[in-house]
């Protein structure tokens, strides 16, 4: 891999462990709708394609669209208030971000999470170091991952080129996103997918500790 000057990160499962807050909000919404709860492992497997798909996968099979929509609205309201109850950076992430910043590496976050939550969490944990944070913005004509739109938008805002950029994520959606954007991709093993599953999806470069990224991008 050639030396890179830009790193574009996925958020959930890559930079932040958001699973408990996501699972709590999913189950709050399901309980309000008198639907059966989901386990933490089930929610872990459901994330990656945006919150609408998360809820669609979480409700029982055969639910009508009205039920799905009402459950999604309850989830969004609850998650908006509780998106940072148990969320935290993965071990080693703060050291990685500091090291990248010290080396003048440009950074961005792109996520299928709701844009308001992405910006809120980025501001809480990475203010002053990661200036660009883009969430789900399909209402503004920016398609969610694995479409490359959020990656292209982040590179535009950073003034970066694809050949100088690398994408870091934790799921099959991230593999597809990087391919669609024409970027090299690095997968992390600490996120929402098991390493074996990532290998099955074609992942070639997998890191097990955040600071391993430094060597791979030539620092």
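The values are calculated or read from the model by the stated rules, or taken from the named source; none is laboratory data. Everything quoted here is computed from the prediction, not taken from an experiment. Here the Cβ is made from the backbone with ideal geometry for all residues, glycine too, and neighbour counts use every protein chain on show.
Does residue 76 satisfy being out of contact with any helix residue (DSSP H, G or I) (no Cβ under 8 Å at 6 or more places or on another chain) and assigned to a helix (DSSP H, G or I)? Answer is no for this residue.
Flag set for residue 112, criterion: at negative phi, within 16 Å of the chain's Cα centre (by Cα), assigned by TED's automatic domain parsing to the domain that holds residue 168 and touching a residue at least 12 places away in the same chain (Cβ under 8 Å). Checked against the criterion of being at pLDDT below 95, outside the structural domain of residue 182 (by TED's automatic domain parsing), at positive phi and in contact with a helix residue (DSSP H, G or I) (Cβ under 6 Å, 6 or more places away or on another chain), the stretch 28-50 has at least one qualifying residue.
Could you tell me which of the residues 151, 168 is assigned to a strand (DSSP E or B), modelled with pLDDT of 95 or more and crowded, with 24+ Cβ neighbours inside 10 Å?
168
Of all the numbered requirements in (1) closer than 17 Å to residue 10 by Cβ; (2) in contact with a helix residue (DSSP H, G or I) (Cβ under 8 Å, 6 or more places away or on another chain); (3) at pLDDT 95 or above, residue 158 misses one, and that requirement is (2).
Please determine whether any residue of the stretch 94-110 is surrounded by fewer than 16 Cβ atoms within 10 Å (Cβ to Cβ) and at pLDDT below 95. No, the stretch 94-110 has no match at all. I'm told residue 14 meets every condition in (1) closer than 27 Å to residue 151 by Cα; (2) not in a loop (DSSP other than H, G, I, E, B) except one. Can you identify the failing condition by its number? The single condition residue 14 does not satisfy is (2). If only residues of the stretch 117-134 that are touching a helix residue (DSSP H, G or I) at 6+ places or on another chain (Cβ under 6 Å) and either at pLDDT below 95 or closer than 20 Å to residue 82 by Cα (or both) are counted, the one that is surrounded by the fewest Cβ atoms within 10 Å (Cβ to Cβ) is 134.
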